[in-house]
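One structure is given below, encoded as structure tokens.
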Amino acid sequence: MTVVKGLLSPLPVILVVAAVLLLTAGLSAGAWAWPQAWAFLAVYGGLSMAGSAALALARPASFQVRQQGLVAKKQQKQPLIDAAGLIVYVAFTLAWFAFIPLDVFRLRLLPPPSWAVCAGGAAAVLAGMAIVHVAIGQNQFAAPTIHDQSEGGQRVIDTGLYGLVRHPFYAGMLLVYVGAALWLGSYVAAIGATGFLLLTLARILIEEAYLRDHLPGYADYARRVRGRLVPYLL
């Protein structure tokens, strides 16, 4: 039952991404048979479900914390700016995925990437998904929202990927976005993924300010591990 719950957990997100990509491609250009999109969805969906099932089985606390919604319970004191920022992030994500088929089939703002570049994008998606699930597995406090987790015994996680960068989950997601754009055939969408970087950096500023104020030892951890997303660089 635990594995089944893990397998089913990512389905809503997978279905939304699939609907946005395929419906936009089909309705705007009649491109219902879009092999790259179907391949991307199969891999992205399969890895999401497999990774979620593995977390549910091997790291139940990490899996459970990811089941929270975009708005935390009132008593958890989620900053309003975090809830608003997550809504903006979701809206940008949906618009970005809708733009990809429009650019691929209609706008064609830049020449399409070669098959080698598309393959590189696929590799980036695989690497990013692996980083995302390992990061969640190593941090049972990696909730979708910024909120008070003191009742759950929140502490600083500074081992594994968190010994290299402070936000490996975000780093993995950025790889997924850039890789997806290239895999699906849009250089412009890959450039547009800069929007995810800016939104992520803004959220990191909000999150780290909260953690410095509410999580003992986080300021020392931030001084030891300098990289937010890329060791020694960013």
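Among residues belonging to the range 47-61 that are over 10 Å from PRO10 (Cβ atoms) and within 20 Å of the chain's Cα centre (by Cα), point out the one that is surrounded by the fewest Cβ atoms within 10 Å (Cβ to Cβ).
It comes out as ALA61.
Can you find, within the range 82-138, the residue that is nearest to LEU41 (Cα to Cα) among those that are of a type in the set (S, T, N, Q) and surrounded by 17 or more Cβ atoms within 10 Å (Cβ to Cβ)?
If we take residues in the range 82-138 being of a type in the set (S, T, N, Q) and surrounded by 17 or more Cβ atoms within 10 Å (Cβ to Cβ), then THR93 is nearest to LEU41 (Cα to Cα).
What do you reckon, is PHE40 of a type in the set (A, V, I, L, M, F, W, C), closer than 20 Å to THR145 by Cα and either surrounded by 16 or more Cβ atoms within 10 Å (Cβ to Cβ) or modelled with pLDDT of 95 or more (or both)?
No; evaluated as a whole, the condition is false for this residue.
Looking at the range 21-41 only, could you name the residues that are without any contact (Cβ under 8 Å) to a residue 40 or more places away in the chain, part of a loop (DSSP other than H, G, I, E, B) and either in contact with a His (Cβ under 9 Å, 6 or more places away or on another chain) or over 23 Å from GLY120 (Cα atoms) (or both)?
GLY30, TRP32
Hey, does the range 168-184 have a residue that's in contact with an Asp or Glu (Cβ under 8 Å, 6 or more places away or on another chain) and surrounded by 15 or more Cβ atoms within 10 Å (Cβ to Cβ)?
No; the residues of the range 168-184 include none that is in contact with an Asp or Glu (Cβ under 8 Å, 6 or more places away or on another chain) and surrounded by 15 or more Cβ atoms within 10 Å (Cβ to Cβ).
Which residues, taken from the range 193-215, are hydroxyl-bearing (Ser, Thr, Tyr) and touching a Phe, Trp or Tyr at 6+ places or on another chain (Cβ under 6 Å)?
THR200
Look through the range 59-111, keep the residues that are in contact with a His (Cβ under 7 Å, 6 or more places away or on another chain) and part of a loop (DSSP other than H, G, I, E, B), and return whichever of them is farthest from TYR187 (Cα to Cα).
LYS77
The values are calculated or read from the model by the stated rules, or taken from the named source; none is laboratory data. Bear in mind that the values here come from a model prediction, so they are computed numbers and not experimental data. Neighbour counts are summed over all protein chains in view; Cβ atoms, including those assigned to glycine, are modelled from backbone coordinates with ideal geometry.
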